[in-house]
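> Questions regarding the structure given below will be posed in turn.
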Amino acid sequence: MTHKLFGLIFGVVFSLSALAAPDNSDTQETSQQSVTWTQGSDVESFWLSYAESKGGLTWGRTSEYPDYDQVKEGDTLMVELKQGPCLMEFFHSRWRRANDVRRWDDSINSFGGCPHVFD
């Protein structure tokens, strides 16, 4: 009888602790993880979806980078070059191609202006 009572008490305590656990499902990190690259997808649309999951393009679409002292970790920018666009992300104190930060697929670095952002 005591084993059954112990099991019942344990089950109730476990259930209550699960109910009291904080729900972090709406965090920004969860949103970022939900954007997944699929081979054959439109790269530019994918980039915009990724940026939107982070709150949108921080610095918009432009051919010029913002002043360094105004940029924060995680900021995004769609840099426009004559060869096409490339999504950039400010990571570890410098602008990087977003694909170099997130590593979606090697082919993305050959899209649009990405091969030329560091020329």
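Since every read-out is calculated from the coordinates, none of them should be taken as a lab result. It should be emphasised that the depicted structure is a prediction, and the values quoted were computed from it without experimental measurement. For neighbour counting, all protein chains shown are included, and Cβ atoms are generated from backbone atoms with ideal geometry for every residue, glycine included.
> Pop out the ³J(HN,Hα) list for segment 37-53 in order, Karplus 6.51 cos²θ - 1.76 cosθ + 1.60 with θ = phi - 60°, rounded to Hz; leave Gly and Pro as x.
Computed from phi, the couplings for segment 37-53 are 6, 10, 3, x, 5, 6, 4, 5, 5, 4, 4, 5, 5, 4, 4, 4, 5 Hz.
> For segment 64-75, just list the computed ³J(HN,Hα) in residue order, Karplus coefficients 6.51, -1.76 and 1.60, θ = phi - 60°, integers in Hz, with x standing in for Gly and Pro.
Values, residue by residue: 10, 7, x, 4, 3, 6, 9, 8, 10, 3, x, 4 Hz.
> Sequence-distant or interchain residues sharing an amide H contact under 5 Å with L57, placed H: which?
When sequence neighbours closer than 5 places are left aside, there are no close amide H contacts.
> Let me ask you something else. For segment 102-119, in order, what is each residue's ³J(HN,Hα) by Karplus, 6.51 cos²θ - 1.76 cosθ + 1.60 with θ = phi - 60°, in whole Hz (x at glycine and Pro)?
Values, residue by residue: 8, 6, 5, 6, 4, 5, 5, 6, 9, 8, x, x, 4, x, 10, 5, 10, 5 Hz.
> Arranged from highest to lowest average of other beta-carbon atoms within 10 Å per residue, in what order do the peptides 105-113, 59-67 appear? Kindly include the intermediate steps, with their values, before the conclusion.
Values: 105-113: 16.2, 59-67: 12.1.
Highest mean packing first, the order is 105-113, 59-67.
> At a 10 angstrom cut-off on C-beta neighbours, averaged per residue, how do the peptides 35-48, 88-101 rank from highest to lowest? List each step's numbers first, then the result.
Details: 35-48: 13.9, 88-101: 17.6.
So the order, starting with the most tightly packed, is 88-101, 35-48.
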